[in-house]
Amino acid sequence: MAAGLNLVSASAGKRLGAWLIDKIPPAVLMLAAYAATVPALMQAAASGSASAAASAVGGMFLWIGLASLLSLAYTVWLWGWEATTGKTPGNLVLGLRTANEDGLAAGWGAIFLRGLIIAVGGLALAVGAVVVVVSNVWDRNHKRQGWHDKVAKTLVLDVAQGRDPLTTGGLYGPAAFAPEGTDVHTGFAGAAAQAQRPNEAFPVEAARQPSGVISAIPGFGSDAAPAVASAAAPVPTAAPAIAQVPPSSPMAGDHASRDAEPSYALAAAGPAAPGQVAAGPAAGGAVAGGHPDDEFAATMVRASNTPAGPLTITFDDGRDVVLETTALIGRNPAAAAGEDIDQLIDFADMGRSVSKTHVLLRVDGATVWVTDRNSTNGSAVTGADGIRRPLVPGIPVAAVPGATVEFGDRSFTIGAA
């Protein structure tokens, strides 16, 4: 999921910088007018000649009037340029664009309205205009909009760090950016796809087939979709790998108690070699001629239930959140019926690649178990080994500090607080 496909909201500092740059031409014109007339006015006043003073005053008004007309012409030109292209001199210098809430040209009316609100703010207080320009710092919706943007329904985007929607098909991007079956006008799966996905609620009805290393998960039959392996090392071809779901996981079936025996499953690595006998819960844990572990690769140690200190996640927009025991992440996450969740972490993705309830995080010691909640655009975990493991909906995958979790077109990194 390339970072270039993300839409990045402009910081308050860049917004203020762009606004100040846009004010430079009118300021220069007025300073030039005063510089051309003030010396003559002071000389006339010193001479005591009434005619000279009248002539100097007339020249001052002429120069100021000319500067005002040029400033007005510049303001109209700036208004139209920003309304139709999202560009201003300041926006170009700092890599910003102004757009409407669909990522398209804001239009003359919207740009006039946001400019009017800034001007009114300047009348209220000496620094009122500046306060309005940087008012996005008080926006709870991930600092996307200032007060003037909320009224005018506009966005200010940092195209130096993310995608420019004005040249790439709006908020949702062109069809080339969208996953198969996605309606680019809504950013979500089209009607045909939605018919196969009745809702985004957990549990999932059907799982996507992942690529990369896979393993089976206890609690599922032989027809269940394979899960992404949470082990850091690649699975050897000679022996299947073991994947383990923590007893606290909702996918652990009858092993829901933390005191219950750990559950294991044989990796879906293809048919067993001649002479091999499958073992594990499905086979009763018996292997002819030896201990059950003899037919497996090295047994993975279950993560300790003893907390190793608080864990944090850092989103790609710089936001940090300290994790509790369980958390849901999405545009407007909500727990399923009967589900006990400690944190609901909203993430207002402007590109709408993030589902309403996208991923579940469950902290188990120094490990975070990540579960995709049947999201539209999918999730993946990239560990310290650099291997990217797409998530199968409903199947938890282990991630440790340093791992990056992608959800839709956005991501966060797991770290220690």
Could you check segment 45-134 for helices (runs of 4 or more DSSP H) lying wholly inside it with 3 or more residues that are in contact (Cβ under 8 Å) with a residue 12 or more places away in the chain, under 23 Å from A27 (Cα atoms) and among the β-branched types (V, I, T)? 50-85, 108-124, 128-133
Name the residues in segment 135-151 that are free of Cβ contacts under 8 Å to residues at least 60 places away in the same chain, surrounded by fewer than 16 Cβ atoms within 10 Å (Cβ to Cβ) and part of a helix (DSSP H, G or I), would you? W138, V151
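Here is a yes/no grid of residues against (1) within 30 Å of N332 (Cβ to Cβ); (2) of a type outside the set (G, A, S); (3) assigned by TED's automatic domain parsing to the domain that holds L29:
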{"site": "G86", "(1), (2), (3)": "yes, no, yes"}
{"site": "L92", "(1), (2), (3)": "no, yes, yes"}
{"site": "E101", "(1), (2), (3)": "yes, yes, yes"}
{"site": "A110", "(1), (2), (3)": "yes, no, yes"}
{"site": "A126", "(1), (2), (3)": "no, no, yes"}
{"site": "V132", "(1), (2), (3)": "yes, yes, yes"}
{"site": "K143", "(1), (2), (3)": "yes, yes, yes"}
Can you confirm whether segment 23-34 contains a residue that is assigned by TED's automatic domain parsing to the domain that holds T98, of a type in the set (F, W, Y) and within 30 Å of W138 (Cα to Cα)? no
Being crowded, with 18+ Cβ neighbours inside 10 Å, of a type outside the set (S, T, Y), modelled with pLDDT under 50 and assigned to a loop (DSSP other than H, G, I, E, B) narrows it down to one residue among A256, A273, A260, A279; which is it? A279
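The values are calculated or read from the model by the stated rules, or taken from the named source; none is laboratory data. All figures in this text were calculated on a predicted structure; none of them were measured in a lab. Every residue, glycine among them, receives a Cβ derived from its backbone with ideal geometry; neighbour counts consider all protein chains shown.
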